[in-house]
Amino acid sequence: MKIEEQTVDSVVIVSLDGRVDGSTAPDLEKHISDVVERGDARILLDCSKMDYIGSTGLRVMLAGAKKCQQGGGNLVLCTLRATCKSVMEVSGFLTMLDYYDTRESALAAQS
Amino acid sequence: MLTFAEEIMLLILDDDGSFLPTRGGAVEYILAGAVLMDLAFANRIDTDLEHLTCLDTVPTGNPILDQALAHIADSSQPKDTRGWIETLAGQDTAEIRQQALASLIERGILESQDKKFLWVFRARRYPTIDGRVEREVRLRISDVLLSDDIPDPRDVAMICLVDAAGFLRDIFTAGELERATPRVEQLRKMDLIGHEVGSVIAEIERSVMMAMAISPH
């Protein structure tokens, strides 16, 4: 999995490319922690290139959302591919985390 | 930090240190799920809707977890989460229970007492010496279920186990439980292992009820 980061209107966009599974999720966990610890608690996870998510990845996203909430911000997801979106719907994560179909709508909600 | 098996054991014991009945009488599935959850939170296994995968065979240092981890790692037959819950539950889960109890005694949370009843039979009980840990577990569950905050993944997993065991009614009043029900239903799906434990036990419960309904009186 590759992780890229850019900041738009003080929202940190974290783009995920590849599989978020048990072996890569700890990298994402660390990345989110580092972002929140430096004081940026508004994070947008762009999942347009994420092609797999397992339970560990889901837990890391939930823990990351909790960290952002505790830091006074929030963690928002956008542009999930159909298979990953289906996993997140079945497991109820999209009822807990904010999700937008496009990066623009997610950014507008975050700004 | 306590393991899931240790935390659930605290809730399985009543004030006298006797075991409470679990939903469907299926405590072995609760303990098997607890072991898999501990392995998942230790980053030794990962799960998705179709697979349970071994990520890392480095021992955790906990004999029960390491025994299950070795079993999963050595298995030539891939199984999904439910398959592994059923496999581990079908083995001797008394060992999981004994190790959890021994750890809780060693930490000074429980004590072991042998009592005689009817002058002949012996029964071992595990009364609580230090109730703070159990209260903390109950409080964590209560806080998560009665708020809208984003929950900690570990609390979500624990709530799935407690719900599967049928113990939420021991933590909440009827009114609180009614208020918490939509939240329980939301969280129930969020931990795959916990969700599968709940599904297996619900099936067992249904089978028992059907068997009772059709058996001649």
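Worth pointing out:
- Residue list for the stretch B:145-159, filter: crowded, with 17+ Cβ neighbours inside 10 Å, within 19 Å of A:Leu97 (Cα to Cα) and more than 11 Å from chain A (Cβ to nearest Cβ): B:Leu145, B:Ile159
- Any hit, the stretch B:153-162, residues being among the small types (Gly, Ala, Ser) and touching a residue at least 40 places away in the same chain (Cβ under 8 Å): yes
- Just one of the numbered conditions (1) more than 14 Å from every other protein chain (Cβ to nearest Cβ); (2) within 14 Å of the chain's Cα centre (by Cα); (3) not polar (S, T, N, Q) is not true of A:Ile43: (1).
- Members of the stretch A:71-111 found to be assigned to a loop (DSSP other than H, G, I, E, B), in contact with a strand residue (DSSP E or B) (Cβ under 8 Å, 6 or more places away or on another chain), without any contact (Cβ under 8 Å) to a residue 60 or more places away in the chain and not basic (Lys, Arg), listed by number: A:Gly73, A:Thr79, A:Leu80, A:Leu97, A:Asp101, A:Thr102
- For the stretch B:108-128, the criterion of a residue being in contact with a Leu (Cβ under 9 Å, 6 or more places away or on another chain), within 14 Å of chain A (Cβ to nearest Cβ) and either surrounded by 14 or more Cβ atoms within 10 Å (Cβ to Cβ) or modelled with pLDDT of 95 or more (or both) is satisfied by no position.
- Within the stretch A:68-92, tally of residues that are crowded, with 20+ Cβ neighbours inside 10 Å, touching a helix residue (DSSP H, G or I) at 6+ places or on another chain (Cβ under 7 Å), of a type outside the set (Ser, Thr, Tyr) and within 19 Å of B:Asp191 (Cα to Cα): 1
- One residue stands out among those in the stretch B:66-98 that are hydroxyl-bearing (Ser, Thr, Tyr) and in a loop (DSSP other than H, G, I, E, B): the one that is farthest from B:Ile12 (Cα to Cα), which is B:Ser76.
- Residue check, A:Ala63 of a type outside the set (Ser, Thr, Tyr) and either under 12 Å from the mean Cα position of the chain (by Cα) or crowded, with 22+ Cβ neighbours inside 10 Å (or both): yes
- When each of B:Gly17, B:Gly24 is tested for being in contact with an Asp or Glu (Cβ under 6 Å, 6 or more places away or on another chain), away from chain A (no Cβ under 13 Å) and modelled with pLDDT under 95, the lone residue that passes is B:Gly24.
- Within the stretch A:12-40, restricting attention to residues that are under 18 Å from B:Asp46 (Cβ atoms) and among the basic types (Lys, Arg), the residue that is farthest from the other protein chains (Cβ to nearest Cβ) is A:Lys30.
- Residues that are part of a strand (DSSP E or B) and touching a residue at least 24 places away in the same chain (Cβ under 8 Å) occur in the stretch A:52-63; there is at least one.
- Residue in the stretch B:45-65 that is part of a helix (DSSP H, G or I) and aliphatic (A, V, I, L, M) present: yes
The values are calculated or read from the model by the stated rules, or taken from the named source; none is laboratory data. Remember, it's a predicted structure, so these values are computed and weren't measured experimentally. A quick note on method: Cβ atoms are made from the backbone with ideal geometry, for glycine too, and the neighbour counts reach across all protein chains shown.
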